[in-house]
Amino acid sequence: MKDVKYVVEMRGITKRFPGIVANDSISFKVKKGEIHALLGENGAGKSTLMNILFGLYEPDEGQIFINEQAVQITDPNVANDLGIGMVHQHFMLVENFTVTENIILGSEPKMGLKIDYNKAREQVLELSKRYGLHVDPDAKIEDISVGMQQRVEILKTLYRGADIIIFDEPTAVLTPQEIEDLIGIMRNLVNEGKSIILITHKLKEIMAIADSVTIIRRGKVIDSLAVKDTNQDELASKMVGREVTFAVDKKPADPKDVILRVSDVTAKDNRGLTALNEISFEVRAGEILGIAGVDGNGQSELIEVITGLRKVESGQVYLKDTDITNNTPREISESGISHIPEDRHKRGLVLDFTMGENLVLETYFYPEFQTNRFLDYNKINTHAKKLIEEFDVRTPSVDTLARALSGGNQQKAIIAREVDKDPDLLIAAQPTRGLDVGAIEFIHKRLVEQRDKGKAVLLLSLELDEIMNVSDRIAVIYEGKIVGVVDPKKTSEKELGLMMAGATTEGVKAGNE
Amino acid sequence: GCGTDTENGAENNQGTEESLVKIGMVTDVGGVNDNSFNQSAWEGLQLLDKDLKGEVKVDFAQSTSDAEYIPNLTQFVKAGWDLTWGIGFLMGDHVKTVAEQNPEAKLAIIDAVVDAPNVASVTFKEHEGSFLVGVVAGLMTKTDKIGFVGGMDIPVIARFDAGFTAGVKAANPDAKIIYNYTGAFDKPDLGKAAAATMYDQGVDIIFHAAGATGDGVFNEAKARKDAGQDVWVIGVDKDQSITFGDDITLTSMMKRVDQAVYRVSKELVDGEFKPGLIQLGLKENGVGLPAENPNIPADVLEKVNEFKQKIINGEIEVPSEK
Amino acid sequence: MSWLGILSDLMHNTIVFSTALILAALGGLFSERSGIVNIALEGLMIVGAFTSAVVTHFVDQSLGGSPWSPWIGFLVAIVAGLLFSLIHAVATVSFNSDHVVSGVALNFLALGATVYLTKIIFNGAGQTKTLQTVFTKWEIPYLSDIPYIGKAFFTAYPTSYLAIILVFVSYYVLWKTPFGLRLRSVGEHPKASDTMGINVYKMKYIGVMLSGVFAAMGGASIALTTTSNFSHTTISGQGFIALAVLIFGKWNPFGILGAGLFFGIAQALNSLMQVFELTKYVPVDFIFMLPYVLTILVLAGLIGKAIPPKAIGKPYVKGSR
Amino acid sequence: MNKIVKFFTKDSSLIPLMAILLGLLFGAVVMLLGGYNPLLAYTALFQKVFGDLYNIGETIRQITPLIFTGLSVAFAFRTGLFNIGAEGQFVMGSLGAVWIGTQFALPWYIHAPLAIIVGALLGGFWGAISGYLKAKRGVNEVITTIMLNYISLYLANYIIANYLRAPGQQRSEIIQDSASISLNTLSEFFGYARLHWGIILAILAAFVFYIILWKTKMGFELRAVGFNPHAAEYAGMNVNKNVINAMFIGGVFAGLGGAIEVLGVFKYMTISASLPGYGFDGIAVALIGANTALGVIFAAILFGVLEFGAAGMKFVAGVPIEVIEIVIASVIFFVAASGLVKFILKPFRRKEKGGAVE
Ligand SMILES: Nc1ncnc2c1ncn2[C@@H]1O[C@H](COP(=O)(O)OP(=O)(O)OP(=O)(O)O)[C@@H](O)[C@H]1O
Ligand SMILES: Nc1ncnc2c1ncn2[C@@H]1O[C@H](COP(=O)(O)OP(=O)(O)OP(=O)(O)O)[C@@H](O)[C@H]1O
Ligand SMILES: [Mg+2]
Ligand SMILES: [Mg+2]
């Protein structure tokens, strides 16, 4: 390939969707061998732009140049041929296929009519060695961690010999360790002569690895500059269009009596393996307990156990000294626990219900929403309007289907619903996953607000900053056990990272000496 | 268009509408081409139409569900047709209803007894005919195992069953009869399976009273014949050797619905329509074997005719219930 | 008669019954694996049965009775099934119609159209003329001489052998070839397939058309072995039973083989039970219920959940989420 | 009721209306190809239906059971369940009604209602079996409902033959007059058309259908479960219970249909070789009616008119009744392929909406 300066150039790209201009004559360039970040709020138009580059959408206007040749990218095949690969925001993996099958899908090595699986395995292993992308070629996707799933996504692009790789919010779902690895991987890729486009909301990462950054707001390019000439605050304000504060400012907590007590709880996961192993901890009124841990160490099961969605094998769960072990979800939610689920699309919302209906999903049976024992939609909708106001959920109306809202707004609606139940304990699982700083800021404020109202808050997150910034105490979970509880002010990301890898508090302290 | 001559007698001899004697019939779900009694009845009317060109007009209405019997009967009655036939046992109650609601109209029914002053009921002594084919089977079986495949266990079929059983026993006391009710008149695959199982068990002659389900019996027999096995089927209602050939059709228990329909309709045209019960047995040639029976040896036919006489002159009283 | 003998006869009859169910269910397999619900199996079988009966009749007449005429009928039936299934494909794949609605429509259409055509072709007759030449059972040399086994498994209609062979072929195609991998991926996660440069629409079209081919074979096999003609009763519910067989068989060829045979046995049993005069002890109506009751019991007891393809029934619109 | 006006102007009902027209058009083409005169046929069809009071009455009779089975299928669909079993539930409903109707002597104000209720419950029970197996054993309801259809047929035949049979008949005894729900005087006025309370109950049922789904907590849960069981579970709803409820209620609707058909039309139940077919039609009705109460009623009317009018078509124009099945099929098809209809309509709609589109 002849030596070119720009591997990708998009000129005046415009893409309209019913009722919205997702991309408004966007132009940007990617240098060969650089990591170019695309920064923007939810719905800014990043994914759309990249989907165009990858041939999933057709632009309404504009041109694309690859290696300084004008091209028509009509579908992903063309993109593949041009050496463009994409790691999608929502992974594009077939759950019940193996890693290998997912990687070779669409360009399978053949032996006669048959797929040559041995050859395929070898190729996969060879690639994963070369780029340090550890995967188990024979594992089914549904059985492997999110981190590994993402590595599979990357391998897919490499298997197709991509030189330009697009990452759409790659770190949104990763643990600190995994993020470290990913950064390493990206460096490898660049050293191997690949160019990378990185979509993200996380300024820290941009500062850490990107060479240059293009900021998009409401479908328009705001600015495009070299990372070394800028800083987080500048980027943030460019992205949101106003000043934003990162550090969650909160006064010191004053914990009161115990609200939630989990003692020696053991539970199995969907595959029948022990997920929680005699785990014990407490959450007090007026404090935020953050649970840090690498994905898949029992966090999901822990929440399901507390909220009654999963059976406890042994041990007890107490809410204010009343035993709620293995009560039904309804009983538990009624006894004063609210729950912001980690997957808003799977559990949090009925996407085909209106916002009004979604906002009473757990309370529709309250007398306040009935007139003589029949549902009263006027009451339901006035209630919804109130919450939508209060939590400024951006939705055309209360009759809009939840499906049509952005993840950010969907999340706000869920939080509105849960907080409004005025619970003693608020469980927030991955409350800000995939959201932009604006939304994150808002949600963090709400959590702290609850704490200050004297509620107990249990925060689960894979994002260390979040845990560090928001929690009053941090409990680290490892293989279904709490391996230590630390004070965010007295600990470091490094220390936490080690504990999340299984080292106990003492061990870590020792290590620090 | 094509097919209309059967589809729609209405198109024949148009014009002199008023002068025509109009005769209609209502079929059950099977329709006029069920290869069975509906078809037979319709053939009767068509023959009449042919014989009395220009004097009569005939047509039929096919019911797509039991609920439509009454509207279909009424359709003819209301349109002022001179005679309306209901074909089949199931239509009894409905013909009665319509007859009572329209005392001035004339109706007739096959296979059921309706006592109303304006209805002619035609029933057949299937048991008498079945007795005769039973005799044939009894005399001609080589394995002393004979099969009976019935559609459903209902009164009409019970008459076939009872008569056939009596006939076999009369001719060949040590012959064993294997019964199989398939539960349907429209499932050839069940008929085939029943036949297959019977033939596997050494049965060599099967009498079926199962409508289209019986087609399956014939097909199984044909397959076996081709494979060199010596098996027979006794057809029902019509001379089924016409459809399935003489190499597997031993004989058939004919039920001359066509003649009955023809006769009663003719009487109407001649102004001699008399309501009430008409029972057609061997005596009246309403049931019996076909004229031609190439597969039945003379001596057997001899015996058959003896029994036939005995039945006609009352020496033998054939049971009509199992 | 020896128990072995009875068993072998039972098996022998079972296979006759199972053939059409297995063929049709395999059809359902291809379409549903590609993500298209297909309750039009009934209709497709009807089309197959009708076409095979009509074509075989006329070919046989012009050839003056040749063993080849059923084969010609069979092949034309396959083509007819393929074309008919295209309607379902266009509706569901190209116009994102609800799969069930389209399927129901096709079932009505098939019955109406075929009987209508029968009447037009055969001067108003409700069924086609009785076929003079139909498929006859093949005895596999040597194997068919094995006592009992021979009759049970190696004396059967060509269509039965075909069905069994196609079970293995289907497995090979779906699980061993790139085509199969792609077809299944489309049924599980079409968007992923799309990003891998697979033509989702094409795959779904092929899936549905294959269902037409197989279901038509199923229908034809009934007309050409069991009924020797076509009428509105030739296919009455077998398509829905085939659907049950597909689900019962967990969307897997060998599962389908098992489920299909299971049904066949249950059916064959009920005539056997009558021959042995069990009707004295068990009312005949309960014998009729047998296959259906057994199925429910088996499903409830042993089999339990069957997981359909993930994206089944969902229309795929390029470039939406 | 301006709701109805809205109903018609809504896009979701404009499509079906167009679909019907296209369906009839297609049927006309089919007739032409078959060498029949479509105009004559269709006029005959509508004369047959609306020609005189008797036929109007009988058409209503034809429509009634379709409303019930339509509601039955639609209700299950709302909870994400595919009820192919309305057929069997209908049969069980008839069985229950004929049992009460023939075996007991009670004052009319108890007898008929009791017979209806028992029929409805039996239908509900029959549906609930599938619901239970789905909920507790994860057995796909499509299979169980299909199987239960056949089981109901033979079970009914057995019970009639052995306990309810009229001597020498292929049917049960006639129900007591006290159990009949015929509207005798009205029916006389309609030239003896078999009019009965069923149609009133059908419309009531549709209303109840609407109320349950949209105005009750249970309906809220049923719909939530239908759309997203995980979210429903998270929100504290008992998914299994709702699955069973949905199938039970669906079954009740079909059961009512069966009961009413016996008490209002036949007055007895026959030993039958095959299923009545209302259940399968019900699937089509539900789908044409987009699983809404009002939609089901209209779809049932359409269906009933076409099916009943078919006889007239045959009588006057000699068109085989199968053509009607083709028409019905293409109507359903065009409803399904609304994309196709929109596609065909595009030019007209541009005008009508001005530049509104895009
Ligand atoms: N498939 C679609 N159909 C209609 N509108 C769409 C579609 N996809 C995106 N949009 C619109 O385009 C806008 C940009 O969406 P896009 O997904 O590119 O935002 P984004 O920058 O990727 O947001 P996020 O950071 O949340 O992923 C959205 O606000 C949305 O309104
Ligand atoms: N089918 C659709 N039609 C219209 N707009 C859509 C559609 N799907 C997504 N969008 C829009 O695309 C934008 C981004 O969608 P996306 O799903 O990426 O939300 P998000 O904020 O990224 O949350 P997450 O990605 O975590 O679900 C949102 O503004 C949403 O309104
Ligand atoms: Mg995005
Ligand atoms: Mg996002």
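The values are calculated or read from the model by the stated rules, or taken from the named source; none is laboratory data. In this text the structure is predicted, and so the values were computed from the model without any measurement. FYI the Cβ positions are ideal-geometry reconstructions off the backbone, even for glycines, and counts take in every protein chain you see.
Details
- Counting the residues of the range C:194-210 that are small (Gly, Ala, Ser) and facing chain A (nearest Cβ under 7 Å) gives 1.
- Pairs linking a residue in the range A:35-46 that is away from chain C (no Cβ under 14 Å) to a residue that is near ligand 2 (Cβ under 9 Å from one of its atoms) and assigned to a loop (DSSP other than H, G, I, E, B), with Cβ atoms under 6 Å and 6 or more positions apart or on different chains, are A:41/A:436.
- Only one of the numbered conditions (1) more than 9 Å from chain D (Cβ to nearest Cβ); (2) part of a helix (DSSP H, G or I); (3) under 17 Å from the mean Cα position of the chain (by Cα); (4) crowded, with 24+ Cβ neighbours inside 10 Å is not met by residue C:271, and that is (3).
- Filter result for residue B:304 (in contact with a Gly (Cβ under 7 Å, 6 or more places away or on another chain), surrounded by 22 or more Cβ atoms within 10 Å (Cβ to Cβ) and outside any strand (DSSP E or B)): no
- Each residue in the range A:1-57 was checked for being under 27 Å from residue A:440 (Cα atoms), away from ligand 4 (no atom under 16 Å from the Cβ) and aliphatic (A, V, I, L, M), and 3 of them qualify.
- When the range A:409-461 is filtered for residues that are within 14 Å of residue A:284 (Cα to Cα) and touching a Ser or Thr at 6+ places or on another chain (Cβ under 8 Å), the ones remaining, listed by number, are A:423, A:425, A:426, A:427, A:459.
- Exactly one residue out of A:114, A:119 is facing chain C (nearest Cβ under 8 Å) and either over 16 Å from residue C:190 (Cα atoms) or over 31 Å from the mean Cα position of the chain (by Cα) (or both), and it is A:114.
- Total residues in the range B:230-261 satisfying the condition of being touching a residue at least 40 places away in the same chain (Cβ under 8 Å), crowded, with 18+ Cβ neighbours inside 10 Å and over 14 Å from the mean Cα position of the chain (by Cα): the figure is 5.
- Taking the numbered list (1) away from ligand 4 (no atom under 15 Å from the Cβ); (2) aromatic (Phe, Trp, Tyr); (3) modelled with pLDDT under 90 in turn, residue A:65 passes all entries but (3).
- Count of residues meeting criterion [within 14 Å of chain D (Cβ to nearest Cβ) and either within 16 Å of ligand 3 (Cβ to nearest atom) or more than 28 Å from the chain's Cα centre (by Cα) (or both)] in the range A:5-20: 2
- All conditions but one from (1) surrounded by fewer than 18 Cβ atoms within 10 Å (Cβ to Cβ); (2) under 27 Å from residue A:237 (Cα atoms); (3) basic (Lys, Arg) apply to residue A:187; the one that does not is (2).
- In this entry, residue A:99 is excluded by the filter for residues that are away from chain C (no Cβ under 14 Å), away from ligand 3 (no atom under 16 Å from the Cβ) and touching a helix residue (DSSP H, G or I) at 6+ places or on another chain (Cβ under 8 Å).
- Where residue A:485 falls short, out of the listed (1) closer than 19 Å to residue A:307 by Cα; (2) assigned to a strand (DSSP E or B); (3) not aromatic (Phe, Trp, Tyr): (1)
- Being touching a strand residue (DSSP E or B) at 6+ places or on another chain (Cβ under 7 Å) and of a type in the set (S, T, N, Q) is a property that holds for residue B:118.
- Of the set (1) more than 16 Å from ligand 4 (Cβ to nearest atom); (2) at the interface with another protein chain (Cβ under 8 Å from one of its Cβ atoms); (3) more than 25 Å from residue A:317 (Cα to Cα), all apply to residue A:400 but (2).
- Helices (runs of 4 or more DSSP H) wholly inside the range B:117-204 that include at least 1 residues being at the interface with another protein chain (Cβ under 9 Å from one of its Cβ atoms): B:155-171, B:188-200
- Residues of the range A:121-169 that are of a type outside the set (A, V, I, L, M), closer than 27 Å to residue A:271 by Cα and within 16 Å of ligand 2 (Cβ to nearest atom): A:149, A:150, A:153.
- Exclusive hit being assigned to a strand (DSSP E or B), within 16 Å of ligand 2 (Cβ to nearest atom), in the same structural domain as residue A:161 (by TED's automatic domain parsing) and within 26 Å of the chain's Cα centre (by Cα), set A:92, A:50, A:86: A:86
- Annotation note: Cβ proximity below 9 Å between a residue of the range A:398-416 that is within 15 Å of residue A:43 (Cα to Cα) and a residue that is hydroxyl-bearing (Ser, Thr, Tyr) and within 16 Å of ligand 3 (Cβ to nearest atom) (sequence gap 6+ or interchain) occurs for A:411/A:432.
- Hey, residue A:206 over 23 Å from residue A:461 (Cα atoms), more than 16 Å from ligand 2 (Cβ to nearest atom) and under 21 Å from the mean Cα position of the chain (by Cα) or not: no
- Any chance residue C:222 is among the hydrophobic types (A, V, I, L, M, F, W, C), at pLDDT 90 or above and not in a helix (DSSP H, G or I): no
- Here is the figure for the range A:175-199: residues that are touching a Lys or Arg at 6+ places or on another chain (Cβ under 9 Å) and among the hydroxyl-bearing types (Ser, Thr, Tyr) total 1.
- Qualifying residue in the range C:270-284 (condition: in contact with a helix residue (DSSP H, G or I) (Cβ under 6 Å, 6 or more places away or on another chain) and of a type in the set (Lys, Arg)): no
- Of the candidates D:49, D:98, the single residue that is in the same structural domain as residue D:166 (by TED's automatic domain parsing) and either surrounded by fewer than 20 Cβ atoms within 10 Å (Cβ to Cβ) or touching a residue at least 60 places away in the same chain (Cβ under 8 Å) (or both) is D:98.
- The range C:299-316, subset assigned to a helix (DSSP H, G or I) and over 21 Å from the mean Cα position of the chain (by Cα), residue nearest to the other protein chains (Cβ to nearest Cβ): C:300
- Taken over the range C:249-268, residues that are more than 19 Å from residue C:188 (Cα to Cα), within 14 Å of the chain's Cα centre (by Cα) and buried (at least 23 other Cβ atoms within 10 Å of the Cβ) amount to 6.
- Subset of the range A:30-47 that is assigned to a strand (DSSP E or B) and away from ligand 2 (no atom under 16 Å from the Cβ) - its residue that is nearest to the chain's Cα centre (by Cα): A:37
- Segments classed as helices (runs of 4 or more DSSP H), wholly inside the range D:199-309, with at least 1 members that are crowded, with 24+ Cβ neighbours inside 10 Å, in contact (Cβ under 8 Å) with a residue 24 or more places away in the chain and of a type outside the set (Phe, Trp, Tyr): D:217-227, D:239-260, D:278-288
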